[in-house]
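So the structure is just underneath, and the comments pick up after that.
The values are calculated or read from the model by the stated rules, or taken from the named source; none is laboratory data. Here the structure is a predicted model, which means the values were calculated and not measured. Here the Cβ is made from the backbone with ideal geometry for all residues, glycine too, and neighbour counts use every protein chain on show. Surface accessibility is based on the protein's heavy atoms, side chains included, excluding ligands, DNA and RNA. Shrake-Rupley method; radii C 1.70, N 1.55, O 1.52, S 1.80 Å.
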Amino acid sequence: MNEYTIDELARVAETTVRSVRVYHERGLLPSPDIRGRIGYYGVDHVSRLQTISRLLSRGMKLNGIRELLEAWDRGDGLADILGVPDQSDETTQNPPTAQWPELPEYLRTALANSDDPLEGYRITNPRCCDLVMRLIDTGLSLSAAFEMIERLRSDCERIADRYGAELFYQLAGRSYEQSAGTSRDRTAFETNTAVARLIGTRAVAELIDQALARDSENPQPPTA
C-alpha cells in the first residue's frame, strides 16, 4: 500500500503543503491515518487533490467543490448532485431486460442477484452509470445507451493494453529492474508505479477532454 507524508503527498499531487492543509480544514480532503505524530496519506488522497485542482481550474469555488464531493461520496446520482429531477427513475426500476445484449463477464459478476445492468454499473463504474442515465434522459433507449458505454469501455481497454505496459516499465519497472531489489527498492517501485498510474490517468483524461471539447464545438449526428 502506498503511503505519503504531507510533503510527499503535495509533491505527487503537484500542489503545495499549504493547499493540502486548507483543503483539509475546509472539509474537502479526508483526514490522514495518524501514527505517532505523523499523518500518512494514500492514493485516494492524491486522486482527490487532483480532482479538486481540475474543478478549481474550471472556475469552481471551494464551497461548491465541497458540496459536489460530499454528494459524490454519498453516492448521489448526477440528478441529485445537480439538483434536477431524475426523470429516469421509473424506467430504471423496470428495465426491459429482454432488449439487453449479452452482458460482459465483469457485469455478470457484479450483478449477483439482479438482472439490471444499470445496477452493475452502480457497483463497478458509478460514473458510467451517471452517463447512461444522462443518455437515457436525452431519449436514447436503455439498450442503445448500454451498448455505447460498452464500446467506450472497450476502446479504453484497448488504449490501456497498447500503452500501459510500456508506460509502467519506463516509469517504474526499468529502475527497479536495474536496482539491487532491496526492501527500499521495492518501496520505491511501488511508489513509482502509483505515481505512473496517476500521471498516466491524468494525461489520458486531458487528451480525451481535449478531443471531446473539439467535438462539442460542432456536434454532428452519428453516421449510419
Order of exposure, largest accessible area first, which applies to 11, 174 with probe 1.4 Å:
11, 174
In the full protein assembly as shown, how much of residue 209 is accessible to a 1.4 Å probe, in Å² to the nearest 10?
80 Å²
Quick calc, residue 188 & residue 37: beta-carbon distance into FRET formula, R0 25 Å, rounding 0.05, result 0.55
Shape call for the stretch 127-224, from the Cα gyration tensor axes a ≥ b ≥ c (a/c under 1.5 means rounded, otherwise prolate when a/b beats b/c, else oblate), comes out prolate
Projected label distance in nm at residue 204 and residue 56, using a 7 Å step from Cα toward the beta-carbon:
2.6 nm
What is the local net charge at residue 178, summed over the other residues whose Cβ is closer than 15 Å to its Cβ (Lys, Arg +1; Asp, Glu -1)?
+1
Please list 133, 148 in order of solvent-accessible area, largest first, computed with a 1.4 Å probe with all protein chains present.
148, 133
